[in-house]
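Below you'll find the structure, written out as structure tokens, and then a few comments.
Any read-out appearing in this document is the output of simple, stated calculations on the displayed coordinates, not a laboratory observation. The shown structure was predicted, so the numbers you read here are calculated from the model rather than taken from an experiment. Neighbour counts run over all protein chains shown; Cβ positions are idealised from the backbone, glycine included.
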Amino acid sequence: MHAFVDFWKNYAKFSGRTSRYDFWTAWLLNFLLFLILSEIRFLPYISLIDNLLSWLLIIPGLAIGFRCMHDIEKPGWYFLIPVYGFILSTLSGNPRRNKYGQDPKLEKLYEEKSG
């Protein structure tokens, strides 16, 4: 659930890094949300909510994809290449600091210790 909260907290943050786990967890939870909405379409306004959510997810979806590419030391726009971006998003990130920032797993560890 932490990944889903971070997904929305970093709505339009295209810099930095996101771990593979956080990337796929956020996408899975969003997919499940759409699945639930598609099953209850008979309720009024669900179609409208579904369409609004689709539009709202464009920016954060791109942002988390770009940060995921940064985790493996690739430019963010690689996420926009359909098959190649998918393949790259399955790779494990660099465990050390790279030009895009500190390892996201270490950042979470520091946050837990300090807060």
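By the helix-only formula, in which each DSSP H run with n ≥ 4 contributes -39500 (n - 2.57) and the sum is divided by residues, the chain has a 222 nm mean residue ellipticity of -19500 deg cm²/dmol. Projected label points at Ile59 and Phe86, each 7 Å from Cα along the beta carbon direction, are separated by 2.8 nanometres. Label positions at Leu28 and Asp50, each projected 7 Å from the Cα along the C-beta direction, are separated by 2.4 nm.
Assuming charge only on the beta carbon of Lys and Arg (+1) and of Asp and Glu (-1), the dipole of the chain about its Cα centre is about 360 debye to the nearest 20.
Between Ile40 and Lys9, what is 0.36 nm times their sequence separation minus the Cα-Cα distance? Round to one decimal in nm.
Taking 0.36 nm per residue and subtracting the Cα distance, the gain is 8.4 nm.
Over all other residues within a Cβ to Cβ distance under 15 Å of Phe79, the charged ones net out to +2, with Lys and Arg as +1 and Asp and Glu as -1.
Using the per-residue mean of other Cβ atoms lying within 10 Å as a proxy for protection, in what order, highest first, do the peptides 3-10, 59-66, 96-103, 43-50 fall?
Ranked by mean Cβ neighbours within 10 Å, highest first: 59-66, 3-10, 96-103, 43-50.
Give, as a single signed number, the net charge of other residues whose beta carbon lies under 12 Å from the beta carbon of Leu33, with Lys and Arg counted +1 and Asp and Glu -1.
-2
Relative contact order of the chain, taken over Cα pairs closer than 8 Å and 6 or more residues apart, is 33 percent. Pairs of Lys residues in segment 2-114 that lie 8 or more places apart, or on two chains, and have C-alpha atoms under 21 angstrom apart add up to 11.
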